[in-house]
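The structure appears right after this line, and notes come after that.
The values are calculated or read from the model by the stated rules, or taken from the named source; none is laboratory data. None of the values given here were measured: they were computed from a predicted structure. With ideal geometry, Cβ positions are generated from the backbone for all residues, glycine too; neighbour counts draw on all protein chains shown. In case anyone asks, the SASA skips ligands and DNA or RNA and just uses the protein heavy atoms, side chains included. Shrake-Rupley method; radii C 1.70, N 1.55, O 1.52, S 1.80 Å.
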Amino acid sequence: MRTQVGIVGAGPAGLLLSHLLARSGVDSVVLEARSRTYVERRVRAGVLEHPTVELLREVGLADRLDREGMRHEGISLRFDGGDHRIDFADLVGRGITVYGQQEVVKDLIAARLDDGGDIRFEVSEVTIDGLADSPVIGFTGADGRREELHCDVVAGCDGFHGISRGAFVPEVFDRQYPFAWLGILAKAAPTHHELVYANHPNGFALYSMRGPEITRLYLQVPPDTDAGTWSDTQIWDELGSRLAAEGFTLNEGPVIEKGVTGMRSFVAEPMRHGRLFLAGDAAHIVPPTGAKGMNLAIADVHVLAEALVPFLRHGDESGIDAYSDTCLRRVWRAEHFSWWMTSMLHVAPDDDPIARRLQLSQLRYTVASRAAATSLAENYVGLPHGVSP
Ligand code: RFL
Ligand code: PHB
């Protein structure tokens, strides 16, 4: 088999890359380890930055997003018994859209398949060779047959646990946090129209949603927590305490999904090795407090598609040579913002009294100063794709 771009992984990064390339007449094949049903049901991110939504609109992927996505013009920071709104619309004139990652993935798969795109689900034993000049991806198809995919370049979009990062030895920056998130999806109508990030002496809590009938909620828990040890009643009680504010009621309902997510900051440098380009979680992980993971994956492949098209059309290498540096600047900005939000909002297990007071001071300043609130808003709604400060 032969294609121009061999894409490993059908998450938001791999699927969107395939779509962007197809719009410029570049062929690709997407190889995915899981089944279509599995990737379409995987519950993950929910917040789309402004530049993400703009890009999806520009490339014809936003029909359902525009109908069903929930536009938010701010978030609340809740601490010390008070609720403080950060008004994105007023501060930076832009907002975010709440639309589940699995909805983005469904829209992308449908668009690719409608357009004759080649996505192979349930592949295994993926290998990558020939990265100096003529890449070959080996894989076993769903039918058990061993195949070889020859391509001009490989896009490693296979997430944090994928194999493509292992094709070379990048420099790795890795920090794990001493806490995790217990997340639930509940069949309960949201009672508040925006996200609430709460810093409470018992730990962080986040109030989010997925639609008019579904609430998405998270609690800070110790890193080794087994989700099964938390009963639904305990979860609702703890959410009630941590999110408490005057006039705020939490609608409870059946818990339809429950899981624990670890928190880490991770970056692999560079994001390119010969003809291999890493994008999304394959190259970097942020703690979810800044809602940046999927958005970064989308920003990476936007830059990558714009670099690959001139290279594949007429051998222009300027874009591919700049790819890693261009992405890493934006990645480190998002790493910083996500680390900053995480440290401001979570309670450290050692409960250091100085750290606690510094946190509260930072929170009070962030909600009281227009300059500080604007900085949060600008980062949260998302900096433009391409070169970052
Ligand atoms: P993905 O989505 O992990 O996709 C990688 C795909 O590669 C496949 N794969 C392989 N395929 C073939 N061969 C192999 N050897 C393979 N190994 C793996 C996998 O099956 C998978 O389909 O990576 P991608 O595309 O880079 O996308 C990244 C995002 O998924 C991720 O950053 C976000 O989900 C992170 N995230 C959030 N991001 C946001 O932007 N906003 C949020 O609000 C947000 N909240 C979150 C999150 C992640 C969370 N969890 C569960 C980690 C909340 C949570 C709880
Ligand atoms: C979500 O809705 O899943 C969500 C929202 C904001 C975050 C992380 C996750 O920071």
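Okay, here's what the table says:
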item	result
Separation of the R264 and E54 label points, Cα + 7 Å toward Cβ, nm	3.3 nm
Heavy-atom surface of the stretch 237-332, accessible at 1.4 Å and reported per residue (Å²)	38 Å²
Cα-centre dipole for the chain with unit charges at Cβ (Lys and Arg positive, Asp and Glu negative), debye to 20	400 debye
Under Karplus coefficients 6.51, -1.76 and 1.60, residue-wise ³J(HN,Hα) of the stretch 171-188 in Hz, glycine/proline x	7, 10, 10, 9, 9, 9, 8, x, 7, 9, 10, 9, x, 10, 10, 10, 7, 8
Protein accessible area in the stretch 174-263, 1.4 Å probe - carbon and sulfur %	48 percent
Whole-number percent relative contact order across the chain, with pairs defined as alpha carbons under 8 Å at least 6 apart	21 percent
Backbone HN-Hα couplings from phi across the stretch 230-237 [Karplus 6.51/-1.76/1.60, Hz, Gly and Pro as x]	9, 6, 4, 4, 4, 4, 5, 4
Residue among V347, C327, I285 farthest towards the positive dipole end of the stretch 281-352, charges placed on Cβ	C327
Spatial separation of Cα centroids for the stretch 81-156 and the stretch 188-202, in angstrom	30 Å
Cα gyration tensor shape of the stretch 339-384, rounded if a/c is under 1.5, else prolate or oblate by comparing a/b with b/c	oblate
Efficiency of FRET between R370 and F248 - r from beta-carbon atoms, R0 35 angstrom, step 0.05	0.90
Pairwise label distance in nanometres, A355 with E213, each label 7 Å out on the Cα-Cβ vector	4.2 nm
Three-way shape call for the chain based on the alpha-carbon gyration tensor, with the a/c threshold at 1.5	prolate
Net charge of Cβ neighbours under 14 Å - reference R94; Lys, Arg +1; Asp, Glu -1	-4
Rounded to whole Hz, the Karplus (6.51, -1.76, 1.60) HN-Hα couplings of the stretch 58-70, x for glycine and proline	4, 9, x, 10, 10, 4, 6, 4, 5, 7, 9, x, 9
Only Lys, Arg (+1) and Asp, Glu (-1) charged, at Cβ; the stretch 238-348 dipole about Cα centre in debye	100 debye
DSSP bridge orientation in the chain - percent antiparallel, rounded to nearest 5	75 percent
